[in-house]
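To keep things clear, I will list the structure first and then write my remarks on it.
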2 protein chains.
Amino acid sequence: MKKIPVLLMGCGGVGRHLLQHIVSCRSLHAKMGVHIRVIGVSDSKSLLVPMDVLKEELNDEFLSQVCRIKSNGSPLSTFSALEKGGFRVVGESELRKETEEITQILGKSTGLAVVDCSASMETIEILMKAAESGCCVVLANKKPLTSTLEHYDKLVLHPRRVRHESTVGAGLPVIASMNRIISSGDPVHSILGSLSGTLGYVMSELEDGKPLSQVVRAAKTLGYTEPDPRDDLSGMDVARKALILARLLGKRITMESIEIESLYPEEMGPGLMSVDDFLQNGIVKLDQNIEERVKKASSNGCVLRYACVIEGSSVQVGIREVPKDSPLGRLRGSDNIVEIYSRCYKEQPLVIQGAGAGNDTTAAGVLADIIDLQDLFP
Amino acid sequence: MKKIPVLLMGCGGVGRHLLQHIVSCRSLHAKMGVHIRVIGVSDSKSLLVPMDVLKEELNDEFLSQVCRIKSNGSPLSTFSALEKGGFRVVGESELRKETEEITQILGKSTGLAVVDCSASMETIEILMKAAESGCCVVLANKKPLTSTLEHYDKLVLHPRRVRHESTVGAGLPVIASMNRIISSGDPVHSILGSLSGTLGYVMSELEDGKPLSQVVRAAKTLGYTEPDPRDDLSGMDVARKALILARLLGKRITMESIEIESLYPEEMGPGLMSVDDFLQNGIVKLDQNIEERVKKASSNGCVLRYACVIEGSSVQVGIREVPKDSPLGRLRGSDNIVEIYSRCYKEQPLVIQGAGAGNDTTAAGVLADIIDLQDLFP
């Protein structure tokens, strides 16, 4: 039985689902000859590890308890009170140092997959050191990959040891497919994508003539948006995904070089207007302009999509008119879609489409990444 | 530099393109830290190998010469006359024995990827022995995977060492995506696909009201069909792909358990009617029935597609009414499409679409498979 030691950072939504998947896949993975040995889980304040990380693991009963506690919204530090031997709770002050020590020890002995399911800017130092120590790195967190080029290079020092399918399109096999295209020497000419379920929903609702303000309010009520819908409307999340794809293609760029169209003007930004004020009074002022653009597109046989376009050295993220009858134009609801144009997929693109959000799907993508690393473990 | 020794069987269309890709990707692969060491190429009559398969390789100049000779339609035995040392030509009588010996020696020492780009039924014995000796196996050839279950089990003895992306949808990342879904424990409920570029083209042309006979004749003229179009119209090729997908899902079935709808009746089969007679006099008799089915589908808001449907233990291949507005219904021309329904992709499927034929694309899929094996080599 091949053993893959895993240290999980971030056990909120995605991380918690990952632990559930790991536990429920035990017999499936045993049949495949693989065992995922969870040797640590952490949130922003605590790290839980077995007494001996080299020999022991956090057992399934313990992991299920972690899931229950996190699904109640409680922190891992809750375990301090439950401690009865068998595991240690490392507090905030020692968290980073201890995590780094574990990655050093295991990276050089049994191997280790450090899995980042957080949404934190703060994990990058740990991840870079882990990569340097020979650990594998699996990311659902986009932020470490969208930092400076210096950070990026350190993180992907050993490209085969870095997986991050779930940073773009959740579990959709976008990165895996691009890696195949790249390694076969098929040059990618351009990529066109709709990479935000929220903005996909918003843009396809606009098509039916509804005003932007009404669509965004409804999306918020349905739970499709972030608590502050401007986090979606700013396009920053899409820009991060676009940067990850562009860097995978070898483009040496940073967030600053991406042209990002925000759906709201600066004066309605989070620093200047409350969420409520924006939704009550701000966004209605944007209705007319968008309505006119929708109509103009329609008169050209087109629809509006919030798209990412990567072509040559240019990466653009914003509203785009696309033919009604193109894969992107036909997209409805919150599905993600990626069209890849290359030598092999020249006139008609390679299209990958499906649910691009959700904790279950995102965690499934992370788990597939971990299992796909198995040949790197002894 | 990691070295992947490769023995290629079949250097017609796909195999020849693979050799071209390998040569033209040298600097790309060097940057990735990988070198593909071609230690043998064979067609049905000859095997070319370096003098010492353990230490030497067929160099790029030699491989380019192989490509030139094969693109002229000449056999590898042409090399007998060119022989000036540096390589050996193994003739038909010794071909299988010698190939098996090489797989034994390399499988147990440097490792070896045996790549089957032929369309032969005859490679299966070599492949099974290679798998047993610890070799990796990469297939564009569907036939070894669609033989008996006993053969199948021997072939996929070590699943991580067997890759066959290009057996379904050419280079489209269908198998890779399914393997990810499977390993993440996401249960696949059903698969709906259009897996024949030829039949995809035929069915979408019928939609415009053209008679079947006219569409098939035009497809033959355009080079979209096999020399005998009945090889496409029989549905056997689609059935093979369906069987490969079903077996990947763990279904213990054979070709006999697949319901296959042929587009022509038995009395128009190759044994009873010549190709010319079929195209001149046979196929017109099928026009009316198909036209009526197209009209009936249209009155239901549907179109006809030649689809493969895998659901539960049932695998069906044949004409199916699908909603005009579904991914399969919107398909035009010769693209392939696969819709996968699972727990994660429940209401809306995961859709993979794009060119599903062509030597360039198929060979690119094989090359991506080879590169993806790199972690299994020392």
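When the stretch A:4-26 is examined, which residues are found to be within 14 Å of chain B (Cβ to nearest Cβ), buried (at least 16 other Cβ atoms within 10 Å of the Cβ) and not in a strand (DSSP E or B)?
A:VAL14, A:HIS17, A:LEU18, A:LEU19, A:GLN20, A:HIS21, A:ILE22, A:VAL23, A:CYS25
Say we look at the stretch B:207-229 and pick out the residues that are open to solvent by 10 Å² or more (accessible area, probe 1.4 Å) and in a helix (DSSP H, G or I); which of these is farthest from B:ARG305 (Cα to Cα)?
By that ranking, first place goes to B:THR221.
Which residue, of A:SER147, A:SER194, A:SER120, A:SER166, is touching a residue at least 60 places away in the same chain (Cβ under 8 Å), among the small types (Gly, Ala, Ser) and over 30 Å from B:ILE352 (Cα atoms)?
A:SER120
Every residue in the stretch B:357-371 that is acidic (Asp, Glu) and either within 21 Å of B:ASP237 (Cα to Cα) or within 7 Å of chain A (Cβ to nearest Cβ) (or both), please.
Residue satisfying the conditions is B:ASP360 alone.
Can you pull out the residues in the stretch A:255-285 that are in a loop (DSSP other than H, G, I, E, B) and open to solvent by less than 90 Å² (accessible area, probe 1.4 Å)?
A:ILE258, A:GLU261, A:SER262, A:LEU263, A:TYR264, A:PRO265, A:GLY269, A:PRO270, A:GLY271, A:MET273, A:SER274, A:ILE283
Would you check which residues across the stretch A:322-344 are closer than 25 Å to A:ARG240 by Cα and at pLDDT 95 or above and list them?
Once the filter is applied, which keeps residues that are closer than 25 Å to A:ARG240 by Cα and at pLDDT 95 or above, the stretch A:322-344 yields A:ASN336, A:ILE337, A:VAL338, A:GLU339, A:ILE340, A:TYR341, A:SER342.
Using the structure shown, decide if B:GLY354 is touching a Leu at 6+ places or on another chain (Cβ under 6 Å) and either within 8 Å of another protein chain (Cβ to nearest Cβ) or free of Cβ contacts under 8 Å to residues at least 24 places away in the same chain (or both).
Spelling it out, B:GLY354 is indeed touching a Leu at 6+ places or on another chain (Cβ under 6 Å) and either within 8 Å of another protein chain (Cβ to nearest Cβ) or free of Cβ contacts under 8 Å to residues at least 24 places away in the same chain (or both).
Filter the stretch A:307-341 for residues that are at the interface with chain B (Cβ under 9 Å from one of its Cβ atoms) and of a type in the set (Ser, Thr, Tyr) and give the result.
A:SER334
List the number of the failed condition for B:GLN348; all other conditions in (1) away from chain A (no Cβ under 12 Å); (2) without any contact (Cβ under 8 Å) to a residue 12 or more places away in the chain; (3) not hydroxyl-bearing (Ser, Thr, Tyr) hold.
(1)
Which ones in the stretch A:27-84 are open to solvent by 60 Å² or more (accessible area, probe 1.4 Å), within 14 Å of chain B (Cβ to nearest Cβ) and free of Cβ contacts under 8 Å to residues at least 12 places away in the same chain?
A:SER27, A:LYS31, listed by residue number.
State which residue is surrounded by the most Cβ atoms within 10 Å (Cβ to Cβ) when the search covers only the stretch A:168-182 and only residues that are within 10 Å of another protein chain (Cβ to nearest Cβ) and assigned to a helix (DSSP H, G or I).
Looking at the filtered set, the residue picked out is A:VAL174.
Just wondering, is there one or more residues in the stretch B:192-206 that are open to solvent by 30 Å² or more (accessible area, probe 1.4 Å) and away from chain A (no Cβ under 14 Å)?
For the stretch B:192-206, residues open to solvent by 30 Å² or more (accessible area, probe 1.4 Å) and away from chain A (no Cβ under 14 Å): present.
Answer with yes or no whether A:LEU304 is within 14 Å of another protein chain (Cβ to nearest Cβ) and either at pLDDT below 95 or more than 23 Å from the chain's Cα centre (by Cα) (or both).
Answer is no for this residue.
Step by step: first the residues of the stretch B:185-213, then only those that are under 20 Å from B:GLY250 (Cα atoms) and β-branched (Val, Ile, Thr), then the one that is nearest to the chain's Cα centre (by Cα). Which residue is that?
It comes out as B:ILE191.
Across the stretch A:143-159, which residue is nearest to the other protein chains (Cβ to nearest Cβ) among those that are touching a helix residue (DSSP H, G or I) at 6+ places or on another chain (Cβ under 7 Å) and part of a loop (DSSP other than H, G, I, E, B)?
A:HIS158
Does A:THR110 satisfy the criteria of being at pLDDT below 95 and assigned to a loop (DSSP other than H, G, I, E, B)?
For A:THR110, the condition - at pLDDT below 95 and assigned to a loop (DSSP other than H, G, I, E, B) - is met.
Of A:GLU292, A:GLU339, A:GLU321, A:GLU347, which residue is of a type in the set (Asp, Glu), in the same structural domain as A:ALA239 (by TED's automatic domain parsing) and open to solvent by less than 60 Å² (accessible area, probe 1.4 Å)?
A:GLU339
The values are calculated or read from the model by the stated rules, or taken from the named source; none is laboratory data. This is a predicted model, so every value here is computed, not measured. Cβ atoms come from the backbone with ideal geometry, glycine included; neighbour counts cover every protein chain shown. We work out accessible area using only protein heavy atoms, side chains counted, and drop any ligands, DNA or RNA first. Shrake-Rupley method; radii C 1.70, N 1.55, O 1.52, S 1.80 Å.
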